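**Student:** Just dropping this structure here.
Read-outs: derived from the displayed coordinates by stated rules, not from any lab. Predicted model only: the values in this text are computed from it and were never measured. In this analysis, Cβ positions are derived from the backbone assuming ideal geometry, glycine residues included, and neighbour counts consider all displayed protein chains.
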Amino acid sequence: MSMINRTASSLGHRDSVPNQELAKELAKTKNAGEIRELIENLKNKDQKIQGDCIKVLYEIGYIAPELIAEYAEEFLKLLKSRNNRLVWGSMIAISTIAKIKAPKLFERRKEIKQTIEKGSVITVDSGIKALSIVASKSREYLDELFPYLLEHLAACRPKDVPQHGEKILAAVNAENKTAFIDAINSRMTDMKSSQIKRLKKVIGEAEKR
């Protein structure tokens, strides 16, 4: 049976449970042909099918990122899609493969940044996560990306600071932790008590680096 026939919209589901179950199955079977079918149908004329396919793919990425890593180029191209579902879904997929594809993503950092700067909440969250992971992979990447990550932390919406701080932790080390902690402390006056508590945990983790 075609993978498309097993996705949520084809089965008449309003939820994404069939897509999640399909992802778990493919992560287990590692069927490259069936994963390729999902990639090919990211160009399907039906946007519901496109949405199902990107959902299955990034769910695979959560479990077994090596199975979708070879499609980094396809995900990067979709950052320019007019279908916002594909944009943020692809950014999630990119974040799941960032450890594996750091060199390629670093080369395309400008595109990722541009997408973050005009993207939806999910796009921004996943883009910051991806760049933070890439930054952690080499000194060159860190020197280039960490200032951008700190600038983002200083300017993002107050309610996003805790979550983005947690993601940027991936790029924090003994040399840059002071700058990171200072950036967080500079936002504390914007925070609610629950957010302050969360950020203090982030600071505690940074201090251990």
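**Student:** Mind sorting 188, 3, 91 by how few other Cβ atoms lie within 10 Å of their own Cβ, fewest first?
**Tutor:** By the 10 Å Cβ count, ascending: 188, 3, 91.
**Student:** Moving on. For a Förster distance of 30 Å, can you work out the FRET efficiency between the beta-carbons of residue 185 and residue 111, rounded to the nearest 0.05?
**Tutor:** 0.40
**Student:** Listed here are the pairs 28/129; 110/192; 43/113; 30/159; which of them are more than 27 Å apart at the Cα?
**Tutor:** Result: 110/192; 30/159 exceed 27 Å.
**Student:** So how far apart, in nm, are the two label points at residue 122 and residue 104 if each is 7 Å from Cα heading toward Cβ?
**Tutor:** It works out to 2.2 nm between the two label points.
**Student:** In nm, give the distance between the simple-model label positions of residue 151 and residue 205, each being 7 Å from the Cα along the Cα-to-Cβ direction.
**Tutor:** Once both label points are built, they end up 2.5 nm from each other.
**Student:** Which distance in nm do the two modelled labels at residue 64 and residue 10 give, with both placed 7 Å along the Cα-to-Cβ direction?
**Tutor:** The answer from the label model is 1.9 nm.
**Student:** When only alpha-carbon atoms count, how far does the chain stretch along each of its three principal axes, as whole angstroms with the largest first?
**Tutor:** Extents along the principal axes, in whole Å: 55, 36, 31.
**Student:** I would also like to ask the following. Can you tell me how much longer the chain between residue 193 and residue 74 gets when fully stretched, taken as 0.36 nm per residue apart minus their C-alpha distance, in nm with one decimal?
**Tutor:** 38.7 nm is the gain from fully extending residue 193 to residue 74.
**Student:** Next question, about the same structure. Is the shape of segment 1-87 best called rounded, prolate or oblate, per the rule: a/c under 1.5 gives rounded, else a/b larger than b/c gives prolate, else oblate, with a ≥ b ≥ c the square roots of the Cα gyration tensor eigenvalues?
**Tutor:** It is oblate, given that a/c is not under 1.5 and a/b is not larger than b/c.
**Student:** Now a separate question. In percent, how large is the relative contact order of the chain, given Cα pairs closer than 8 Å and 6 or more residues apart?
**Tutor:** Relative contact order, the chain: 13 percent.
**Student:** Let me ask something additional. Only Cα pairs under 8 Å and at least 6 apart count here; give the relative contact order of segment 11-61 as a rounded whole percent.
**Tutor:** 45
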